[in-house]
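Every number here is computed from the coordinates shown, using simple stated rules; none is lab data. These numbers were taken from a predicted model, which means no experiment stands behind them. Here the Cβ positions follow ideal geometry from the backbone for every residue, glycine too, while neighbour counts run over all protein chains shown.
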Amino acid sequence: MSSSPPPPVRRKLVIVGDGACGKTSLLLAFSQGKFTDVHIATVFESSVADVEVDGRWIELALWDTAGQEDYDRLRPLCYPDTHVLLLCFAINDPDSFDNITEKWLPEIDHYLPNVPRILVGCKSDLRNDSAVVAELRQAGKEITTPLKGDAMARALHALAYVECSAKSGENVKEVFERAGRAALTYPNRSVIKRRCPLF
């Protein structure tokens, strides 16, 4: 008598970061194998995708959040029962990198202090785009280096720093394999600290 494979383990992943930093594109690249460079502002979206980690299947509920300030009071409503968090910035947008510590870290430390986090540098394909590099240089800025990303991850107590490109597909799977592994390793740490009143 053959035994059927165990059902997938269900886990919840929430992705946060500034608007237009690449969160939605990353989720679409992973869950649907699609890429779009058209920015569509997200309020809240959720979808489900499976990932295999160390021979186990995990059904990840993917929660996409709005990065804009207009939604700061609504965003915490999607935080309860989170198992793993992706903190995203665009490597070609130094402001989105700075906002990881200035905006996102205080919020997640408040609402999700014990949830494992992974720092994700999106749009890594732009590192070698000479027009993007020149434009940043002209503004007195530069693309975030892997070294800076690693240092930030350590400062955030993130489990890892991963750079990826939804456009090329580079490291997209790795982001979610790491997230799945973290969600399995820390299954009971998804307790929201306190709820935020809406008004």
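Each of Arg154 and Val48 was given a label point 7 Å from its Cα along the Cα-to-Cβ line. The distance between the two points is 4.1 nm. Per the Kirkwood treatment, what hydrodynamic radius in Å, one decimal, follows for region 8-112 from the mean inverse distance over all distinct Cα pairs? Kirkwood hydrodynamic radius for region 8-112: 14.3 Å.
A cut-off of 5 Å between modelled amide H atoms, ignoring neighbours fewer than 5 places along the same chain, links Lys12 with Ala61, His83, Val84. Orientation-averaged projection of region 81-125 equals 3.2 nm² [convex hull of Cα atoms, one quarter of hull surface area]. For Ala160, nonlocal amide neighbours, meaning residues 5 or more places apart or on other chains whose placed amide H falls under 5 Å from its own, are Leu119. Could you tell me which label, among [x] 110; [y] 129; [z] 140, carries the value of volume of the Cα convex hull per residue in Å³ calculated for this structure? Recomputing volume of the Cα convex hull per residue in Å³ here gives the entry labelled [y].
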